[in-house]
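A.B. asks: Input: one structure, supplied below.
The values are calculated or read from the model by the stated rules, or taken from the named source; none is laboratory data. For clarity, every value in this text was computed on a predicted model and none was experimentally measured. Neighbour counts run over all protein chains shown; Cβ positions are idealised from the backbone, glycine included. Note: accessible area is taken over every heavy atom of the protein model, side chains too, but ligands, DNA and RNA are not part of it. Shrake-Rupley method; radii C 1.70, N 1.55, O 1.52, S 1.80 Å.
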Amino acid sequence: MTHLTEHSLVQGGRSAAFATACVRGGVAAGLGAGALAVLVIAAWISSPFPDGGAGGALHLAAGLWLLAHGVELVRTETLGGLPAPLGIVPLLPAVLPAWLVFRTARSTLDPADETRPRPSPAGALGAVSGGYLLVAAVIVVYSESGPLPADLVTAGLWLPGVVLGAAGAGVWTALGRPLPGREEAAAALRGAAAGLVALLAGGAVLAGTSLVWHADAARASYEGIAGDWSGRAALALLVLALVPNAAVWAAAYGLGPGVALGTGALATPLGFSGDPAVPPFPLLAALPPEGRGGWPQWAAAAVPLLAAVVLGRSVGRATGTGRARETALAVLGAAWASGVAVAVLAGAAGGPLGSDRLLAFGPVWWQAGAAAVLWGVVVGLPTALVVRAWGRRTPRPERSGRPKPPKPPKQSKWPKRSKAAERSRTPEPALSAAAPAPAPAAPDPLGPGFDFSLDDDEDEGYVPYDYLPASWETPPAPRASPTPLAPRPPDAEPPRPSGTTGAE
């Protein structure tokens, strides 16, 4: 009989967890492709002139799913008969597959049941990505027989990169979002994220403002392309899917390099150069007019300026306790990280729309990334140093004037009655008849029972010993009335001063 040891049970549990993670990655890929297929099938059914059958709709859904991962497609059915590339990635549909991979990787390392075995972080990353890529390879092979086959070169580059990046983000989140140990690296990553968010938000505001400014042209383009209600609904969904692309385009336009509008045509804040080839599309109506740029076009530079200020402020606040050299290094790292992210987004948001003049359309990725780095260094570095210096300032101590002389103590007008004086009012027993009468004491001008101490609200440091008698604490006892003595005979001796009765 074979006995199972604890080591074999643990290995078996980890192997099962690895296989489960692989299956979950494949399920995530199937869910994303299925959701997009349902949407395409619904549009095909609602179309008044459906053609190609359900197989054509499924091939279209497969091509769009691959396009959302950055894979370039090839249009085989063109007017000229030559295949034309299609490489502009709709960024909004790309959120769903990336989120599915992210959540699958995160939940693999964070199960609800803690007693259940789970793989290592590297094993979870490899298992989820491997299962997802297996399904993606099947979809790539399936798309080769449709009207939009996938380009194998970009499929081998972009598809694994997107999947590994999303899965890695999920594993990083499951581990508690750890940052590098060095303070400068963590500050650089946070600053790059803050600057990137500010840049994209500013680009969205810029694109929306320009679209509202050219609302008539956008409406005319929309009505010219869309036919019946199904066509209008499909065009509205396409416009919605490309709204994030418009934000990236506007951000690249504000950065300075601008956007390419065909081969040899470029739109920058300074104006147009070349002959643009702009197809009719509602979002493209937001492009600035041809000619030299004026102050509305130059105002687009406020977007990267604000993003660089946000980047520098974030880094300056995070490294305020360190040296100026550390702050400068963190700003350089944040600028480079932000530039890489902008380059990736610009490469995904742009690409070819066809052949010949439409081969280059959208922002040029390396120019947009280099401009983002330049803005981050030129504007972000001084901002970070100023924020750091402002945070390290110390408040100046208040100037103290000449010390005021101490106030003289105030003498109490009405001395209060003390407890010792109250006790002294109790009469004591009379002296013995034989005791001599004590010498009469000087009468107290204020009367017995008064205390010369200060009031409660007077200065406690005042000591009135300079004019009171040394025995002022205990007031004199009241004098008892003398007892009348018998008349002394003429031959009797005078009494002794010791207070005795005279007997020797």
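A.B. asks: Round to a whole number: what % of the accessible area of the stretch 93-248 belongs to carbon and sulfur, probe 1.4 Å?
C.D. replies: Numbers: 5740 of 8180 Å².
Ligands and nucleic acids excluded, carbon and sulfur reach 70 percent.
A.B. asks: Just to be sure I understand the curve: with the Debye formula and one point per C-alpha of the stretch 249-343, what is log10 I(q)/I(0) at q = 0.11 Å⁻¹?
C.D. replies: One equal scatterer on each Cα of the stretch 249-343 leads to -0.45.
A.B. asks: For the stretch 54-203, with every protein chain kept in place, what is the accessible area per residue (1.4 Å probe, Å²)?
C.D. replies: Details: 7100 Å² over 150 residues.
With the other protein chains kept in place, the stretch 54-203 gives 47 Å² per residue.
A.B. asks: Where in the stretch 339-382 does the label zone of residue 78 land, with the point 7 angstrom along Cα→C-beta and an amide N cut-off under 14 Å?
C.D. replies: Under cut-off, by backbone N: 352-361.
A.B. asks: Can you give me the accessible area per residue for the stretch 251-343, using a 1.4 Å probe, in Å²? Walk me through the numbers before you get to the answer.
C.D. replies: Numbers: 4180 Å² over 93 residues.
The answer is 45 Å² per residue.
A.B. asks: Viscosity 1.002 mPa s, temperature 20 °C: Stokes-Einstein D of the stretch 260-307 from its Kirkwood Cα radius, in µm² per second?
C.D. replies: Values: Rh = 11.6 Å.
In µm²/s, the coefficient rounds to 184.
A.B. asks: Then there's this: With all protein chains present, how much of the accessible area of the stretch 273-363 (probe radius 1.4 Å) comes from carbon and sulfur, to the nearest whole percent?
C.D. replies: Values: 2910 of 4360 Å².
Using a 1.4 Å probe with all protein chains present, the stretch 273-363 comes out at 67 percent carbon and sulfur.
A.B. asks: Then there's this: Could the peptides 144-155, 232-243 be put in order, highest first, of the mean number of other beta-carbon atoms found within 10 Å of their residues? Display every interim value, and only then the final one.
C.D. replies: Numbers: 144-155: 17.6, 232-243: 15.7.
Top of the packing list down: 144-155, 232-243.
A.B. asks: May I ask you to compute the full-extension gain from residue 209 to residue 103, defined as 0.36 nm times their residue separation minus their alpha-carbon distance, rounded to one decimal in nm?
C.D. replies: Values: separation 106, 0.36 × 106 = 38.16 nm, distance 3.46 nm.
Stretched out fully, the residue 209 to residue 103 stretch lengthens by 34.7 nm.
A.B. asks: What FRET efficiency comes out for the pair residue 193/residue 243, r = Cβ-Cβ distance, R0 = 25 Å, nearest 0.05? Walk me through the numbers on the way to the answer.
C.D. replies: Numbers: r = 21 Å, r/R0 = 0.85.
The value I calculate is 0.70.
A.B. asks: For the pair residue 378 and residue 110, what calculated FRET efficiency results from E = 1/(1 + (r/R0)^6), where r is the Cβ-Cβ distance and R0 = 41 Å, to the nearest 0.05?
C.D. replies: On the way: r = 42 Å, r/R0 = 1.03.
The pair residue 110/residue 378 has a calculated efficiency of 0.45.
A.B. asks: If I model a spin label as a point 7 Å beyond the Cα along the Cα-Cβ vector, how far apart are those points for residue 46 and residue 120 in nm?
C.D. replies: In this crude label model, residue 46 to residue 120 measures out at 5.0 nm.
A.B. asks: Enumerate the amide H contacts of residue 265 below 5 Å, restricted to partners 5 or more residues apart or on another chain; note that Pro and chain-start residues carry no placed amide H.
C.D. replies: Distant-sequence amide H within range of residue 265: zero hits.
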